[in-house]
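Presented below is the structure to which this report refers.
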Amino acid sequence: MNWFVLIIAGLFEVSFAFCLGKAKETTGGIMYMWYGGFFVSLTISMLLLMKATQSLPIGTAYAVWTGIGAVGTVLLGILVFNEPASFWRIFFITTLIASIVGLKIVSH
C-alpha cells in the first residue's frame, strides 16, 4: 500500500512541476491560479511522501519519488511544453525508469 502512496506522491510532484511551467507561460490572475495549484500539489506530495516513508526506507522512497517526478516532468516537457525529444534524453529517461524499477525490486 505504501508503494501506491509513494507513486501518487510522485505524480503530485509532476503536478507541481507542471503548474510551475504553466505559471511561467501566463500572467495576471491565471498565473496566480497556477501558483496556487503548485502549492496544493506540493503540499499533497510532501504529505504522501511522509506517509510512505513511515514504512519504506527513506533512501529508496526519496529516490523513487524524485525519479517519478523527474521522468514525469521530462515527459510533460516533451509532450506539453514542446521540449526536444532527443535520443539522449529518451535514453537517460529510460535508464532512470530502469533504476527506479530496480530499487523497487531490491527493497524489502
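Read the figures in this text as sums done on the coordinates, not as results from a lab. Only a predicted model underlies this, so the values are computations on that prediction, with no experimental measurement involved. Note: ideal-geometry Cβ built from the backbone for every residue, glycine included; neighbour counts use all protein chains shown.
Odds and ends about this structure:
- For the residues Gly72, Gly37, Gly29, a GNM of the chain with alpha-carbon springs under 10 Å puts the largest fluctuation on Gly29.
- Placing +1 on the Cβ of every Lys and Arg and -1 on the Cβ of every Asp and Glu, with nothing else charged, gives the chain a dipole about its Cα centre of roughly 100 debye.
- Ordering Val101, Val74 from the fewest to the most neighbouring beta carbons within 10 Å gives Val101, Val74.
- Shape analysis of the chain yields a ratio of the Cα radius of gyration to the Kirkwood radius, Rg/Rh, of 1.03.
- Ordered from longest to shortest, the equivalent ellipsoid semi-axes for region 17-58 are 29, 9, 4 Å, each the square root of 5 times a Cα gyration tensor eigenvalue.
- Full extension of the chain between Ile30 and Gln54 gives 5.0 nm of extra length, using 0.36 nm per residue less the Cα-Cα distance.
- Segment Val101-Asn82, length gained on full extension (0.36 nm per residue, minus Cα span): 4.1 nm
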